1. Tell me, please, whether a residue that is among the hydrophobic types (A, V, I, L, M, F, W, C), over 15 Å from Ile121 (Cβ atoms) and touching a residue at least 40 places away in the same chain (Cβ under 8 Å) can be found in the range 44-52.
2. With the requirement that a residue be among the β-branched types (Val, Ile, Thr) and either within 13 Å of the chain's Cα centre (by Cα) or at pLDDT 90 or above (or both), what does the range 89-106 give you?
3. Could you give every pair whose Cβ atoms fall below 8 Å, whose first residue belongs to the range 86-104 and is under 13 Å from Thr27 (Cα atoms), and whose second residue is surrounded by fewer than 14 Cβ atoms within 10 Å (Cβ to Cβ) and of a type in the set (Ser, Thr, Tyr), counting only separations of at least 6 or pairs across chains?
4. Among the residues of the range 84-112, how many are under 22 Å from Arg74 (Cβ atoms) and assigned to a loop (DSSP other than H, G, I, E, B)?
5. Taking Leu96 as meeting all but one of (1) surrounded by fewer than 17 Cβ atoms within 10 Å (Cβ to Cβ); (2) in contact with a helix residue (DSSP H, G or I) (Cβ under 8 Å, 6 or more places away or on another chain), write down the number of the exception.
6. So the check is Cβ under 7 Å with 6+ separation or different chains; which pairs have a first residue in the range 106-128 that's of a type in the set (D, E, K, R) and a second one that's surrounded by 14 or more Cβ atoms within 10 Å (Cβ to Cβ) and not in a loop (DSSP other than H, G, I, E, B)?
Amino acid sequence: MKLITYNSVKCHSVGGIKKPTIYVHRTGLFSFSGTLSKSLGLKPGTGILFHQDEDDREDWYIQVSDTPEAFRLRATKSKSTCFSSVELMKIFMNSLKLTKKGITLPVSTTPITDEKLYAIITSAAKPH
């Protein structure tokens, strides 16, 4: 077995440093924190793909992509980036068995594959 280690350096803040996170709201808003946006080079117009593991439906990944089918990010007032998709929000929230108004999820800023997939740490989801 080959394990990937996720720790406070890769995924969480320590002592007030902002975390790389995604906030998902039940309206379909996916908001990428300023820290995550900066770490992955996300800016308005950047394309993002979401990937779900077929074998473990709670495992999700994001990927920066130039494909025309990618979700296109827009800027927010708080120096973060976002996009909207009600359909993806429903699939995402249902896979995690969540019904709350919104959730915040940490994201690893270290790619786990050559295709630069970044793990969304769904086990650390914080419902709102």
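1. No, there is no match, as no residue in the range 44-52 is among the hydrophobic types (A, V, I, L, M, F, W, C), over 15 Å from Ile121 (Cβ atoms) and touching a residue at least 40 places away in the same chain (Cβ under 8 Å).
2. Answer for the range 89-106, where residues must be among the β-branched types (Val, Ile, Thr) and either within 13 Å of the chain's Cα centre (by Cα) or at pLDDT 90 or above (or both): Ile91, Ile103, Thr104.
3. So the pair list comes out as Val86/Thr27; Met89/Thr27; Met93/Thr99.
4. Total satisfying the criteria: 3.
5. Here Leu96 meets the rest and fails (1).
6. What qualifies is Glu115/Gln63; Lys116/Gln63; Lys116/Val64; Lys126/Ile103; Lys126/Thr104.
Residue-wise test of (1) of a type outside the set (Phe, Trp, Tyr); (2) touching a strand residue (DSSP E or B) at 6+ places or on another chain (Cβ under 8 Å).
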position	(1), (2)
Val24	yes, yes
Leu36	yes, yes
Trp60	no, yes
Phe71	no, yes
Lys77	yes, no
Met93	yes, yes
Ile112	yes, yes
Ala119	yes, yes
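Conditions tested, residue by residue: (1) of a type in the set (Asp, Glu); (2) surrounded by fewer than 16 Cβ atoms within 10 Å (Cβ to Cβ); (3) touching a Cys at 6+ places or on another chain (Cβ under 7 Å).
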residue: Leu29; (1), (2), (3): no, no, yes
residue: Ile48; (1), (2), (3): no, no, no
residue: Asp66; (1), (2), (3): yes, yes, no
residue: Arg72; (1), (2), (3): no, yes, no
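The values are calculated or read from the model by the stated rules, or taken from the named source; none is laboratory data. Keep in mind the model is a prediction, meaning the values are calculated, not measured. As a convention, Cβ positions derive from the backbone with ideal geometry for all residues, glycine included, and neighbour counts pool all protein chains shown.
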